[in-house]
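Trainee: If you scroll down you'll find the structure; I have some questions about it.
A short reminder: the numbers here are calculations on the coordinates, not readings from a lab. Here the structure is a predicted model, which means the values were calculated and not measured. When we count neighbours, we look across all protein chains shown, and the Cβ atoms used for this are built from the backbone with ideal geometry, even at glycine.
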Amino acid sequence: MTMRSSSETASLLDGLRAFIEPAHLRTDADSCLQYGRDWTRLYSPNPLAVALPGSIEQVQQLVIFANHHRLALVPSGGRTGLSGAAVACNGELVVSLERMNRILEFDPVDRSVTCQAGTITEALQNFARDQGLSYPVDFASRGSSQIGGNIATNAGGIKVVRYGLTRDWVTGLKVITGRGDRLDLNRGLIKNASGYDLRHLFVGSEGTLGIIVEATLQLTRPLREPSVMVLGVPNLSGIMAIYGLLRSKLDLSAFEFFSELALRHVLKKGPHRPFDSATPYYVLAEFENPGDIQTDEALELFEHCAEQGWLADGVISQSGNQAKELWRLREDISESIAEHQPYKNDIAVRISRVPALLEEIDGLLAREYPDFEVLWYGHIGDGNLHINILKPATMEPAIFAKKCGAVSPHLFAALQRHGGSISAEHGVGLTKKPYLHYTRDESEVNYLRAIKQAFDPNGIMNPGKLFD
Ligand code: MLT
Ligand code: ZN
């Protein structure tokens with residue numbers, strides 16, 4: 001915990017007010033609470049203040065000031081993260097990019113857009129749509145997450161099977177490094193074989209190397225009339241068998257799964273069951289289907305899967321609205337369980353390893369969590385599973401976290417045996433920092449430390465996150 005006397009605090013705030021307007025330097029309790037936390041709700045926010053710079057120059061001034069005073073900075077986007085990477089609980093200055101939310105440039109020939117880091121994901125998606133194009137990286141928090149945060153966490157989401165991760169769409173980045181230098185990385189180029197690509201170091205860096213202030217992103221053509229199927233699956237083993245078949249015949253843009261236990265939480269909030277019968281698991285598959293040309297193929301595949309016993313029931317959307325309703329069954333899970341303060345696991349293995357991993361951890365979770373409600377869902381087409389353990393209402397959060405934490409080494413050891421990652425898309429932040437070694441060995445982490453040292457020699461950029 002950073003201990004400062006009140007005169008030290010006052011003098012830091014005075015120094016900041018010399019170049020940040022008072023209205024954009026907030027110290028009130030509510031701002032400190034809202035901007036000092038993310039969606040984890042596990043840590044008590046305690047920032048020094050919240051700065052809302054309005055220009056790249058101001059961000060640079062802030063970083064130079066922070067170096068001078070050894071003031072820790074926490075870059076802040078939409079704070080929809082689930083690993084505590086945007087949490088400020090140690091007297092840091094939160095640097096919110098939310099005022100820097102303008103789309104600056106669009107080039108129809110390059111099919112690229114340049115925007116400030118605080119641009120909301122959905123605003124960018126809408127902008128692309130208005131140009132007849134698409135920014136295809138998508139997830140449920142699109143309405144509040146920001147592009148800078150998406151890049152800093154290499155956000156994935158629900159369309160990765162077709163479109164890849166945020167990294168695949170970033171063609172240029174302007175950053176202020178932890179040293180206070182301004183770098184203009186890759187400048188929108190598709191090809192650029194001129195040495196180390198520093199842009200990619202900032203993708204997924206979780207605010208530990210510097211502050212992303214501007215991004216150039218590639219756009220693509222929109223999906224043509226996607227159809228959505230939800231299939232009821234009796235056994236975990238059927239899920240990947242269905243995936244193998246569907247991806248060989250359909251132009252899949254999503255392949256998601258969720259358990260009946262997860263679905264029940266969504267149904268409590270309004271949506272209806274996709275069909276009468278309940279099955280332990282469901283898959284949601286989206287595929288491009290212009291003029292219904294793939295509908296017959298999809299129905300044949302459905303029949304085949306049913307004959308094999310891989311699925312028990314299913315539904316295919318008949319309209320765009322029905323497709324949206326079906327998507328809600330998957331997309332609304334996270335929000336519908338938030339009140340149960342879930343302990344979140346976000347793991348990944350290669351697709352070919354999913355069946356073996358599922359079999360191993362299914363037994364492990366049943367054994368280790370006999371008294372807790374364990375929900376499964378995720379982007380299984382990418383090899384990414386979300387396993388959420390719900391806190392019993394009467395259990396103290398600290399006791400719950402301890403009990404869940406005690407299981408993690410077993411889960412992560414299994415994951416390690418299958419060559420997987422302890423974080424597929426939520427990031428490491430604070431919650432997964434103790435487990436990083438299951439995925440990155442010590443010599444690799446030493447290289448990460450050396451890179452951090454090069455960009456942030458005074459350790460002011462989001463200290464304590466990702467690794468120590
Ligand atoms: C999701 O896939 O719904 C998001 O990653 C959020 C979550 O895992 O809760
Ligand atoms: Zn996810």
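Trainee: Please note which strands (runs of 3 or more DSSP E) are completely contained in region 178-258 and include at least 1 residues that are aliphatic (A, V, I, L, M) and within 22 Å of S112 (Cβ to Cβ).
Mentor: On the way: elements: 182-185, 210-218, 226-233.
So the answer is 182-185, 210-218.
Trainee: Being within 16 Å of ligand 1 (Cβ to nearest atom) and within 14 Å of L165 (Cβ to Cβ) is the filter here, so list the residues in region 121-135 that pass it. Before you say what the answer is, go through the steps one by one.
Mentor: Initial filter on region 121-135 (within 16 Å of ligand 1 (Cβ to nearest atom)): 121-122.
T121, the sole residue that qualifies.
Trainee: Would you mind stating whether L385 is among the hydrophobic types (A, V, I, L, M, F, W, C), within 16 Å of ligand 2 (Cβ to nearest atom) and buried (at least 18 other Cβ atoms within 10 Å of the Cβ)? Explain how you work it out, then say what you get.
Mentor: Working: among the hydrophobic types (A, V, I, L, M, F, W, C): yes; within 16 Å of ligand 2 (Cβ to nearest atom): yes; buried (at least 18 other Cβ atoms within 10 Å of the Cβ): yes.
It is true that L385 is among the hydrophobic types (A, V, I, L, M, F, W, C), within 16 Å of ligand 2 (Cβ to nearest atom) and buried (at least 18 other Cβ atoms within 10 Å of the Cβ).
Trainee: Given the condition more than 16 Å from ligand 1 (Cβ to nearest atom), farther than 17 Å from G81 by Cα, touching a residue at least 12 places away in the same chain (Cβ under 8 Å) and of a type in the set (A, V, I, L, M), answer yes or no: does some residue in region 158-166 qualify?
Mentor: The answer is no; no qualifying residue exists.
Trainee: Can you tell me how many residues within region 69-94 are touching a helix residue (DSSP H, G or I) at 6+ places or on another chain (Cβ under 6 Å) and among the hydrophobic types (A, V, I, L, M, F, W, C)?
Mentor: Number of matching residues: 2.
Trainee: Moving to a separate point now. Taking region 330-376 as the region of interest, how many residues are farther than 25 Å from I399 by Cβ, of a type outside the set (G, A, S), within 16 Å of ligand 2 (Cβ to nearest atom) and not in a helix (DSSP H, G or I)?
Mentor: 2
Trainee: Next question. Are any of the residues in region 357-368 among the charged types (D, E, K, R), within 16 Å of ligand 1 (Cβ to nearest atom) and buried (at least 17 other Cβ atoms within 10 Å of the Cβ)?
Mentor: Filtering region 357-368 for residues among the charged types (D, E, K, R) gives 359-360, 362, 367-368.
Keeping just the survivors that are within 16 Å of ligand 1 (Cβ to nearest atom) gives none.
For region 357-368, residues among the charged types (D, E, K, R), within 16 Å of ligand 1 (Cβ to nearest atom) and buried (at least 17 other Cβ atoms within 10 Å of the Cβ): absent.
Trainee: Taking L390, is it away from ligand 1 (no atom under 16 Å from the Cβ) and farther than 20 Å from G270 by Cα?
Mentor: Numbers: away from ligand 1 (no atom under 16 Å from the Cβ): no; farther than 20 Å from G270 by Cα: yes.
The answer is no for L390.
Trainee: If G314 meets every condition in (1) under 24 Å from the mean Cα position of the chain (by Cα); (2) of a type outside the set (D, E, K, R); (3) in a strand (DSSP E or B) apart from one, which number is that one?
Mentor: The number of the failed condition is (1).
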